[in-house]
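Peer 1: Here it is: the structure, laid out below.
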Amino acid sequence: MTDLTQLGVRACLAGLQAGDFSSLELTQALLQRIDALEPQIHAFLTLTPEKALAAAKNADKLRASQPDDLPPLTGLPLAVKDVLCLEGVRTTCGSKILENFIPPFTATAVQRLLDAGVVPLGKTNTDEFAMGSSTENSAYGPSRNPWNTGRVPGGSSGGSAAAVAARMTPAAFGTDTGGSVRQPCSFCGATGIKPTYGRTSRYGLVAYGSSLDTVGMIARNVADVATLFQHMAGFDPLDATSVQLPVPEYTLPESDSLKGLRVGVPEEYFIEGIQPEVEERVRAAIAQLEAQGATAIPIHLPHTEYALPVYYLIAPAEASANLARYDGIRFGPRLGEDNNLWSLFTETRGRLFGPEVKRRIMLGTYALSAGYYDAYYGKAQKVRTLIKRDFDLAFEQVDVIAAPVAPTTAFKFGQHTDDPLAMYLEDVFTLPANLAGVPGLAFPVGPDSDGMPVGMQLMGPHFREDLLFQVGHAYQLATPWHENWPE
């Protein structure tokens, strides 16, 4: 019998439709694989086997009783990043301050896929409040890269990417505030979408940087990502930043031809210090796009160099405001003396927030403080406008922009622990898309000499996820890299 854990989203749906296996059999196979591999990988923070098996049994009953009127994803298992609320299931955000938080509602993006018939396997590991690039900031211990367990899976959606790469799930939710879908996909050899800001609902996503947060999807190939994204995207009246635009049909080409496509290649993304093999692989992938009929056009995004300092002023400032609610009164445990407000605040936040969260709260509070607001946060917002303008001008010349996802492949545990700036530099190629609000698609383009995956990202105009899916799928029709997985 086929190993059901090796099947991607579309293959699972086709097998379920054909009656080759049941949702219960598929779910049990994945839960068994999770049990076997989880001690090594630690991709999950909370497993929901009872919920998953009950949902799978219900899906099978539905398929038997009304086969012609089924929700489109009936019986498909997937995992949810632990910064997205799932009613009745512990949602920790990788933090001790929310260790026992059980939300009374479900995030809209998750609910839409539940309504479409998916089976929730559990909640995946994340850097605390999605602040990090390696999952080393999780209060519950890091996830490990299935390609080499001595290396990080990326972050902050490291648990989701590791779970997909280790064949624990066909797909998993991720979130991307500064690269947190794309960078783990690059490190783990997965494919993932960071949508246009406003294309997917943020309702039920625990906020980090409200003007930057997006909810995305990680799977094994572009076709699988597009299949799921079709059902989770769209306007949500519960989210004030959700954009009221129709969601197109994400149809994918049957041919790998890219004739007429203009691919922008920004020289600012091929900088000194990039791992040579990363540049080689990405340039080879661009050459492959040209071989399929595309035209590569050198372009400039001149304000790219400012993206890192701009992001690390805006995101921590928003985090400082968003995380003020975790004070021992409104959320989380209460430490300190009950009759001393200052003690309650300092003890609760001081002992239950991790060092990276504290660092970003302090950075953000300083940037927003009297006398510094205009010099730091206000100036950063002005430069953010210039970064967005760079993309707007570039998309007058080209259809998509191709670039590396990260300057290196997955690094070893502890390599950047004592050097926050080195860790922040891992996001140097992903931050601009978040600041500009444009969509980005990450996918593997081959291994380095150590066998670790290298990822490339395609960025497109606002709300043109359909174009990114078409180009990425055409590339994957012509190449094998998305089919390579760790033993």
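Peer 1: Would you check which residues across the range 161-198 are closer than 26 Å to GLY364 by Cβ, in contact with a helix residue (DSSP H, G or I) (Cβ under 7 Å, 6 or more places away or on another chain) and not β-branched (Val, Ile, Thr) and list them?
Peer 2: If the condition is that a residue be closer than 26 Å to GLY364 by Cβ, in contact with a helix residue (DSSP H, G or I) (Cβ under 7 Å, 6 or more places away or on another chain) and not β-branched (Val, Ile, Thr), then PHE173, GLY174, ASP176, GLY178, GLY179, SER180, GLN183, PRO184, LYS194, PRO195 are the ones that fit.
Peer 1: Related question: Looking only at the range 251-282, how many residues end up being surrounded by 16 or more Cβ atoms within 10 Å (Cβ to Cβ), in a helix (DSSP H, G or I) and of a type outside the set (Lys, Arg)?
Peer 2: 6
Peer 1: While we're on this one: Could you check the range 356-401 and list, in sequence order, the residues that are assigned to a helix (DSSP H, G or I), more than 30 Å from PHE463 (Cβ to Cβ) and either free of Cβ contacts under 8 Å to residues at least 60 places away in the same chain or β-branched (Val, Ile, Thr) (or both)?
Peer 2: Listed by number, the residues that qualify are VAL357, LYS358, ILE361, MET362, LEU363, THR365, TYR366, ALA367, LEU368, ASP374, ALA375.
Peer 1: Can you find, within the range 297-306, the residue that is farthest from LEU477 (Cα to Cα) among those that are under 27 Å from the mean Cα position of the chain (by Cα) and among the aliphatic types (A, V, I, L, M)?
Peer 2: Looking at residues that are under 27 Å from the mean Cα position of the chain (by Cα) and among the aliphatic types (A, V, I, L, M), I get LEU301.
Peer 1: Among the listed residues SER210, SER201, SER186, SER180, which satisfies the condition of being surrounded by fewer than 24 Cβ atoms within 10 Å (Cβ to Cβ), small (Gly, Ala, Ser) and in contact (Cβ under 8 Å) with a residue 40 or more places away in the chain?
Peer 2: SER210
Peer 1: Right, something else. Here is a check on your reading of the model: is THR409 surrounded by 15 or more Cβ atoms within 10 Å (Cβ to Cβ) and outside any helix (DSSP H, G or I)?
Peer 2: In short, yes.
Peer 1: Can you pull out every residue in the range 356-368 that is more than 24 Å from the chain's Cα centre (by Cα) and crowded, with 21+ Cβ neighbours inside 10 Å?
Peer 2: Selection gives ALA367 alone.
Peer 1: Test LEU114 against the stated conditions and say whether it is within 27 Å of GLU25 (Cβ to Cβ), not in a strand (DSSP E or B) and not β-branched (Val, Ile, Thr).
Peer 2: yes
Peer 1: Can you pull out the residues in the range 283-296 that are over 26 Å from the mean Cα position of the chain (by Cα), surrounded by 14 or more Cβ atoms within 10 Å (Cβ to Cβ) and of a type in the set (Gly, Ala, Ser)?
Peer 2: Result: GLY293, ALA294, ALA296.
Peer 1: Related question: Tell me which residues, restricted to the range 304-329, are surrounded by 21 or more Cβ atoms within 10 Å (Cβ to Cβ) and part of a loop (DSSP other than H, G, I, E, B).
Peer 2: Within the range 304-329, TYR326, GLY328 meet the criteria.
Peer 1: Does the range 234-254 include one or more residues that are farther than 16 Å from VAL110 by Cβ, in contact (Cβ under 8 Å) with a residue 24 or more places away in the chain and in contact with a His (Cβ under 7 Å, 6 or more places away or on another chain)?
Peer 2: The answer is yes; a qualifying residue exists.
Peer 1: Only residues that are over 27 Å from SER156 (Cβ atoms) and not aliphatic (A, V, I, L, M): list them for the range 11-52, please. Working first, answer last.
Peer 2: Step one: of the range 11-52, the residues over 27 Å from SER156 (Cβ atoms) are 11, 13-26, 28-29, 32, 50.
Correct list: GLY15, GLN17, GLY19, ASP20, PHE21, SER22, SER23, GLU25, GLN28, GLN32, GLU50.
Peer 1: Name the single residue, out of those in the range 458-472 being of a type in the set (A, V, I, L, M, F, W, C) and under 20 Å from VAL282 (Cβ atoms), that is surrounded by the fewest Cβ atoms within 10 Å (Cβ to Cβ).
Peer 2: Filtering the range 458-472 for residues of a type in the set (A, V, I, L, M, F, W, C) gives 458-459, 463, 467-469, 471.
From what's left, under 20 Å from VAL282 (Cβ atoms): 458-459, 467-469, 471.
Numbers: LEU458: 25, MET459: 27, LEU467: 17, LEU468: 29, PHE469: 26, VAL471: 24.
Out of the qualifying residues, it is LEU467.
Peer 1: Which of the residues belonging to the range 28-83 are touching a His at 6+ places or on another chain (Cβ under 7 Å) and of a type in the set (Gly, Ala, Ser)?
Peer 2: If the condition is that a residue be touching a His at 6+ places or on another chain (Cβ under 7 Å) and of a type in the set (Gly, Ala, Ser), then no residue fits.
Peer 1: Go through the residues of the range 52-73 one by one and say whether even a single one is in contact with a Leu (Cβ under 9 Å, 6 or more places away or on another chain), under 17 Å from ALA219 (Cα atoms) and buried (at least 19 other Cβ atoms within 10 Å of the Cβ).
Peer 2: yes
Peer 1: Further question on the same structure: Could you list all residues from the range 330-355 that are in a helix (DSSP H, G or I), of a type in the set (A, V, I, L, M) and surrounded by fewer than 19 Cβ atoms within 10 Å (Cβ to Cβ)?
Peer 2: Within the range 330-355, LEU341, LEU344 meet the criteria.
Readers should treat all values here as calculations from the given coordinates under stated rules, not as data from a laboratory. Just so it is clear, the model here is predicted, and its values are computed rather than measured. Note that we place each Cβ from the backbone using ideal geometry, even for glycine, and neighbour counts take in every protein chain shown.
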